[in-house]
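Written below as structure tokens is the structure these notes are about.
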Amino acid sequence: MTDQHKQDAQSEQQGPPEDEYVAARRAKLDRLRTAGVDPFPAHFHRTHTTGEAREQYDALVEAATEITVAGRITGRRGQGKVEFLDLWDTSGRLQLFMRLNTVGEERFELFKSTIDLGDIIGATGTLFTTKAGEQSLEVRNWTMLAKALRPLPEKWHGLTDPELRFRRRHLDLISNPDARELLRKRSLIVREVRRFLDDRGFVELETPVLQGLHGGASAKPFRTHHNALDRDLALRISLELYLKRLMIGGFDKIYEIGRNFRNEGIDRSHNPEFTMLETYEAYADYEDVMRMTEELVSTVALRVLGSMTISVQGTPVDLTPPWPRKPLREVIKQATGIDYVAHSTLEALDDAVRAKGLRLQPQKTRAKLIDQLLDEAAAEVIQPVFFTDYPVELSPLAKLKPGSTDTVERFEAFAVGVEIGNAFSELNDPDDQLSRFLDQVRQAQAGDDEAHSLDLDFVEAMQQGMPPAGGLGIGIDRLVMFLLGVSNMREIIAFPMMRESAEERGLGHKHEHPQGGSEGRAEDEDAQS
């Protein structure tokens, strides 16, 4: 047995580390069981959520209706023979009022001696308004549903250490209502994106995550091995090439919302595992897709947020269509003073960048350097805009503009420096596609390790005849960030990728009671936000 396996086996036998706080709660757990109470029952029937209880308050009080709620205890204020409790569920908070005379001495004393903040309970009773004017439930009976063996974070004010927040995401969501609300709104945004497309006749289908040959984007893949087939595979970096196969097969309007995986760095706007929307519409071009994009984003904003004007880090952004269209060449020239068309080689363009005093990272291809100039231009954008008509080397899957040999029908949508969407008039000439793939092979040979792969199966599929089409890609994570005014992608991903912790590396376990402060430190700049 290897040292790692021994360590894993030892961890399984010992379980997570525990301290005196957990020990105190275990004693209460034993007390419940001794009293004949199952602290983890399999089922519980509640009649109302806390939100429903508040919404229906007048009618429930008038009819003296007995209701049952359930949730986590997040606040407790005892006054001898009376207990005031804050009960939270997904819909919000409701105050519980419990007194000895109502529930009986035995149940009241059991409650007082075994209940802790963080426990999940059920409570049955009738609604009333306290002297302080707060809608409350007078408890007639209570049920333990899940005894929490670990305390809540400090004072129920939420976690502040960013490393702990994202490593212990469940604690973050328990203690930070704002964090839960961001994820709830993310769900609403995704739902409205689907509704928008479904209403326009698009069909949602799924494509393979494990692929023998990754393609459809410029990125490094994660690689794995399938034992039964004895075959090396890659996690997909894009949805594109398989969705196009489906379009070749006869689906004129198709989309997928799915996970992509790119073996890249982590920062405020990048996570190696991310959610992507891609749509393809036969007989449309990038002009049609531009109109659909501005309608989609503005409609989703209106349905989820109630307005087409949103606030991004304090800046009002008006999403009302139409959005301006600006050729990329003009945008980059205006922002940097460089006309990339006038510099046909990497060396010449690099010299122009240096002459302007721009501090850009050295690149191995002209396409990569143009992409960096694009980033410089996008950083100045505030209101939504389409950058259009890209150089062909940046877009190996897009159709050339009529009469051009170096510019394709492509756009990217930007606002407040954030890319909202990327789209093409899709290349459907198989011979041209093969030539573009071969250009990408040459770029790879020149040192571009993110160049597109040569996918001969896809070229063969195109030879069956692919209709002219407009395709769109929108990063769902970035769209959510943009619409909700969030600057760090980790906030709107339920479980973002993290650096390996010390205990995961086998360097021991630093365990601190969450009420006592932070656990570890932020390990990179991104964790500081």
Distance in Å, no decimals, from the C-alpha centre of the range 253-270 to the one of the range 230-246 is 13
The pairs in K244/K364; K253/K399; K326/K356 lying past 27 Å Cα-Cα in this model are K244/K364
If T47, T345 are placed from fewest to most neighbouring beta carbons inside 10 Å, the sequence is T345, T47
Packing-ranked peptide list from 79-85, 38-44, 393-399, highest mean Cβ count within 10 angstrom first, is 393-399, 79-85, 38-44
Counting lysine pairs in the range 18-152 that sit 8 or more positions apart or on different chains, with Cα atoms under 18 Å apart, gives 5
Between the Cα axis of helix 20-34 and the main Cα principal axis of the chain, the angle (0 to 90°, nearest 10) is 60
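Taken together, the values in this text are just the output of simple stated rules run on the coordinates, not laboratory data. Nothing here was measured: the structure is a model prediction, and the numbers come from that model. Ideal geometry is used to build each Cβ from the backbone, glycine not excepted, and the neighbour counts take in all protein chains shown.
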